[in-house]
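Comments concern the structure below.
The values are calculated or read from the model by the stated rules, or taken from the named source; none is laboratory data. All figures in this text were calculated on a predicted structure; none of them were measured in a lab. Backbone-built Cβ (ideal geometry, glycine too); neighbour counts: all protein chains shown.
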Ligand code: ATP
Ligand code: MG
């Protein structure tokens, strides 16, 4: 029994979606700290297929998925959920949440983890106002992003925000919970840029991920040479 004040391990399904292009220690540390804080057996990483809000990345969905698998292979507290990559539809969180809700049933708590940057961009997501009827949103701070919501987000947050973890874990959906973890100023953009410039991203991402990038010459590695 971990988690909230000696409570039994909770049965919430907690997941973090992303392009993971590539996965890095900012994602992994966030997921592990949340797994411990929430007292769930596992936090699931859900790589997206075609990212709807950005240019198609230079890597394939399968390559991004493989890097996530390599990154968590030795960590039982982190799992990989490949439902978006396996799907033949674009990766809309709404569709993912509906499929998860169907599997979990109406009562089990379902938590979607978002970094602050992703949370602030939520109103641009397909069907975003329906999401909170399917899951809780756990917002983690991210260095460089300050919570300065536009009017829409301000109203949304005020309507749903709680500071009580017990409240979240006692309900299937409907709450926004902001949480501060070890701040790690790492982004996949930074890693792609380092690799493209011939510099090592070592210690920003797991070694097996860096080896995979080298093997498959991702992100323009060695292109000029
Ligand atoms: P990119 O630079 O390509 O956008 P990224 O580092 O932001 O990559 P994503 O795959 O876009 O990674 O992020 C997936 C999720 O992880 C998002 O909710 C994002 O906010 C969160 N996240 C990414 N990096 C961090 C970090 N260093 N700390 C906390 N959350 C993070
Ligand atoms: Mg991002």
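When segment 180-220 is filtered for residues that are within 16 Å of ligand 2 (Cβ to nearest atom), in contact with a helix residue (DSSP H, G or I) (Cβ under 6 Å, 6 or more places away or on another chain) and over 28 Å from residue 36 (Cβ atoms), the ones remaining, listed by number, are 192, 219.
Here residue 194 meets the list (1) part of a helix (DSSP H, G or I); (2) without any contact (Cβ under 8 Å) to a residue 40 or more places away in the chain; (3) on the phi > 0 side of the Ramachandran plot almost entirely, failing just condition (3). The condition of being exposed (fewer than 13 other Cβ atoms within 10 Å of the Cβ) and away from ligand 1 (no atom under 16 Å from the Cβ) holds for residue 129.
Scanning segment 158-183 for residues that are in contact (Cβ under 8 Å) with a residue 12 or more places away in the chain, part of a helix (DSSP H, G or I) and over 28 Å from residue 25 (Cβ atoms) yields a total of 2. Mind checking whether some residue in segment 9-20 is within 14 Å of ligand 1 (Cβ to nearest atom), under 19 Å from residue 204 (Cα atoms), assigned to a loop (DSSP other than H, G, I, E, B) and modelled with pLDDT of 90 or more? Yes, segment 9-20 has at least one match. Where strands (runs of 3 or more DSSP E) fall wholly inside segment 34-118, the ranges with 1 or more residues that are at pLDDT 95 or above and over 18 Å from residue 128 (Cα atoms) are 43-47, 78-80.
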